[in-house]
Amino acid sequence: TGIITADADGQHAPKDIANVASQFSGAQNKLVLGVRSFTGKIPLRSLLGNSLTRKIFTLATGLSLLDTQTGLRAIPREIAKKTLRLRATGYEFELDMLLLTKKENVSILQIPIETIYTNSNESSHFNPVVDSVKIYLVLFRFIFSSILTALIDMAVFAVSYRVLGNVFSSMIVGRIFAGTFNFSVNRRLVFHSSGKVSIEALKYVALAASLMFVSYGFINRILSFLPIDVYTAKVLAEGMIFILNFLIQRTVVFIRRS
C-alpha cells in the first residue's frame, strides 16, 4: 500500500517509525510525515536550515508544514510511483515530493516525533546555504525573471503614460511587451515546461489579464490613500500580487515540467 522511509543517521527512534506506520495503516491515501518540534538543544545549522525552508515553502505554496525536510515518511503507493519521475536526488527531492503531493491533491498527516541529534548532527550532509539554494532554485529563477519583466513593464508603462496620460491604457501596453518576454522566459528557463504552447499561452494571457485588473484596482486604492506618484503605486501593487502570480503559474499555467 505504500513505502516508509527513515533516515540512516539515527535521528528517528524505532517507536516513532512504528507510530508513523500505524498511522499510515489507517490513512493509506495520505502522506504521513513524522515532524520534529525543533525545541531544546538543536544544532544551529539544522535549526536555520529547517526554519528557512519551512517559511519559504509556506510563502511559495500556502501549505503550512512543521517539518519540510523530515526523512520519516509514509508514502502512498501511487505517490511513490510518481516520485520516480522526479529528477531531484538530494535534499530538494523531499521538497519536490511535497509539491507533487499538493499537486495530486493528496492530504498530508503530520505526526509529532522525537528530535534526536547525535554529536551536533555531524553525520548530516545538509548545508543550510547550498542546499537551500538548490531547493528554492525555481523560486529564485522566478524572482530574477520577475525583476527583468518588471523593468520592461515599468519602462513601457512610463513611456505610454507620458504619451497617453491614462493609467489603464498604459498598463495594457506595458503588459503586452513584458508579458511576451515573461511567458517565454518562465516557460523555458524557470519552470522548464513541456506542455502545449498554445494551451499554456491561453492560460498565461488569462492570468495576466486577471492580475492586471487586480493591480489596477490596487493602484487606484493606493493613490487614493497615499500621497505618492503613480509609478511608486504601481511598484507597490505589483509587489502585493507577486507570490500569487508565482503560485498560479507553477500550479496552473506550467504544470507539465520536463
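Numbers below:
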quantity	calculated
Restricting the range 111-149 to residues that are at pLDDT 85 or above and open to solvent by less than 60 Å² (accessible area, probe 1.4 Å), the residue that is nearest to residue 242 (Cα to Cα)	146
Listing of helices (runs of 4 or more DSSP H) fully contained in the range 142-258 that carry 1 or more residues being within 25 Å of residue 103 (Cβ to Cβ) and of a type in the set (Val, Ile, Thr)	167-185, 197-225, 242-248
Residues located in the range 14-34, provided they are at pLDDT 90 or above and open to solvent by less than 30 Å² (accessible area, probe 1.4 Å)	16, 20, 24, 31, 32, 33, 34
Residue 213 vs. criteria without any contact (Cβ under 8 Å) to a residue 12 or more places away in the chain and either among the aromatic types (Phe, Trp, Tyr) or open to solvent by 30 Å² or more (accessible area, probe 1.4 Å) (or both)	yes
Test: residue in the range 150-164 that is closer than 28 Å to residue 53 by Cα and either open to solvent by less than 60 Å² (accessible area, probe 1.4 Å) or not charged (D, E, K, R) (or both)	yes
Whichever residue in the range 216-258 is closer than 19 Å to residue 169 by Cα and basic (Lys, Arg) and, among such residues, is surrounded by the fewest Cβ atoms within 10 Å (Cβ to Cβ)	221
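The values are calculated or read from the model by the stated rules, or taken from the named source; none is laboratory data. Keep in mind that this is a model prediction, so the values were computed, not measured. Backbone-built Cβ (ideal geometry, glycine too); neighbour counts: all protein chains shown. What goes into the accessible areas is simple: the full protein's heavy atoms, side chains included, and nothing from ligands, DNA or RNA. Shrake-Rupley method; radii C 1.70, N 1.55, O 1.52, S 1.80 Å.
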